[in-house]
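The values are calculated or read from the model by the stated rules, or taken from the named source; none is laboratory data. This is a predicted model, so every value here is computed, not measured. No Cβ is skipped: glycine too gets one built from the backbone with ideal geometry, and neighbour counts run over all protein chains shown. The area values use the complete protein model at the heavy-atom level, side chains included, leaving out ligands, DNA and RNA. Shrake-Rupley method; radii C 1.70, N 1.55, O 1.52, S 1.80 Å.
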Amino acid sequence: MRTTVGIIGAGPAGLLLARLLHNADIDSVVLECRDRGYVERRQRAGLLEQGTVDVLRTAGVGGRMDREGLRHDGIELRFARRRHRVDLSALTGGSSVMVYAQTEVCKDLIELQLRQGGPLLFEAEALAVEGATTDRPVIRFRHGGREGVLECDYVVGCDGFRGVSRTAIPAGLSRVFERTYPFAWLGILADVPPSHDELVYARHERGFALLSMRSPAVSRLYLQVPAGTDAGEWSDEAIWDELARRLETADDWTLARGPITAKSVTPMRSHVHEPMRHGRLFLAGDAAHIVPLTGAKGLNLAVGDVVTFARALIHQRRTGSGERLEAYSETCLRRVWQAERFSYEMTTLLHRAPDATPFDERIQLARLERLTASRAAEADLADGYTGLPWE
Ligand code: APR
Ligand code: PHB
């Protein structure tokens, strides 16, 4: 098999890249080790930046998102039982975010790719990337019990944090920057209308809580829990009680409860692999970087990477110049580090670290007070929340 761009992984990064290339008449093959049902059921975050929304629309995959997604112009911060609304649109000159689950984005991209696009092979596991620094890199893979070789002009590793593509970059050329947080998020889906019409981020002495949603009838909520927690340790009742405690306000707001339909724990970590390119192998999305869930930047970063790659390849085809492809890693990393900074700041602003001293707690509250008192501080948060800079 031969193709122009061999893509490993059918998460949002790989799927969107295949779509962008198809729209530019560049052929690609996507290899995904899991089956379609697994990819479509996987629960992830659900918050799209303005720039991501625009990219999906332009790529021709925004129809259902525009019908079913929920546009949000603000968020609420809660601390010391007080509520403070951050008016995202007013602070940013009109930017908003879209609440639309990542799993729905993937479903839309898969449906379109299978209907009109290059091959998208499920249960096709990439085993290794070879020849990254030659003109003909190859992906060795296994599909339907047989091993095959996909010859490519370029390989893009969109295979997530546990993928194989990163390992094709020699250790001597790689640098990893990481931070593991001593807490995780216990996330639930519940069949109950969200108790507030915007997302609520709560800082509480017992730990962080987030009220989010998937639709007008389905709530998505999260609780900070110690790292290594097993979701089975928490009964439904204990989850609702703890959410109610952490989200409690001094006014008459109450949390509506309903049947919990899914429960899982996500670790919190920051991780960046540099560089993001080695010869003709490019890393995109979680294959190159992880952010903690706070602020939901993961999907948006993945979109930034694949847009950068697609534009660079289109530029190379039109002008013959490979300079943008060569600059891929530096270009992406500028945005990646801004997202790492934003996610780190939002995480440390709202979570209770197990080793926090009383001094740390006062500083955290002072940071929150500052946000409610300074338009400049609030505008900086709104800016990072609705969108990171694009080049
Ligand atoms: N061969 C083929 N496919 C693979 C392999 C392999 N060896 N290893 C992993 N994959 C697949 C996984 O099964 C998964 O479907 O690669 C895909 C990677 O998808 P994601 O993990 O969703 O990563 P990405 O597309 O970069 O999306 C980033 O997803 O993890 C969230 O929070 C993250 O929102 C962010 C977004
Ligand atoms: C989500 O709905 O999954 C979500 C929303 C906002 C975040 C994180 C996760 O900051």
Open item on the list: Can you say whether Gly46 is within 30 Å of Asp197 (Cα to Cα) and open to solvent by less than 40 Å² (accessible area, probe 1.4 Å), as far as the supplied structure shows?
Closed with: yes
- [ ] Looking at (1) more than 9 Å from ligand 1 (Cβ to nearest atom); (2) farther than 23 Å from Asp383 by Cα; (3) not in a helix (DSSP H, G or I), find the lone condition where Ala10 falls short.
- [x] (1)
- [ ] Only residues that are under 22 Å from Ile169 (Cα atoms), open to solvent by 80 Å² or more (accessible area, probe 1.4 Å) and part of a strand (DSSP E or B): list them for region 126-153, please.
- [x] Arg140, Arg142
- [ ] Would you check which residues across region 375-391 are among the charged types (D, E, K, R) and either crowded, with 20+ Cβ neighbours inside 10 Å or not in a loop (DSSP other than H, G, I, E, B) (or both) and list them?
- [x] Arg375, Glu378, Asp380, Asp383
TODO: Considering only residues that are assigned to a strand (DSSP E or B) and within 22 Å of Gly131 (Cα to Cα), look in region 269-298 and name the one that is nearest to ligand 1 (Cβ to nearest atom).
DONE: Leu283
Open item on the list: Condition first: under 21 Å from Arg44 (Cβ atoms) and touching a strand residue (DSSP E or B) at 6+ places or on another chain (Cβ under 8 Å). Can you find one or more residues in region 145-157 that meet it?
Closed with: yes
Open item on the list: Considering only region 209-227, I want to know if a residue exists there that is part of a loop (DSSP other than H, G, I, E, B), in contact with a strand residue (DSSP E or B) (Cβ under 6 Å, 6 or more places away or on another chain) and open to solvent by 50 Å² or more (accessible area, probe 1.4 Å).
Closed with: yes
TODO: Go through region 336-391 and give me each residue that's closer than 19 Å to Pro267 by Cα, within 16 Å of ligand 2 (Cβ to nearest atom) and acidic (Asp, Glu).
DONE: Glu340, Glu345
Task: The lone exception for Val155 - which of (1) within 13 Å of ligand 2 (Cβ to nearest atom); (2) in contact with a Pro (Cβ under 6 Å, 6 or more places away or on another chain); (3) among the hydrophobic types (A, V, I, L, M, F, W, C) it fails - done: (1)
Task: Subset of region 154-167 that is within 8 Å of ligand 1 (Cβ to nearest atom) and of a type in the set (D, E, K, R) - its residue that is most open to solvent (accessible area, probe 1.4 Å) - done: Arg162
- [ ] Any chance you could count how many residues in region 349-359 are touching a Ser or Thr at 6+ places or on another chain (Cβ under 9 Å) and assigned to a helix (DSSP H, G or I)?
- [x] 2
Task: From the options Arg57, Arg78, Arg41, residue that is within 16 Å of ligand 2 (Cβ to nearest atom) and open to solvent by 70 Å² or more (accessible area, probe 1.4 Å) - done: Arg41
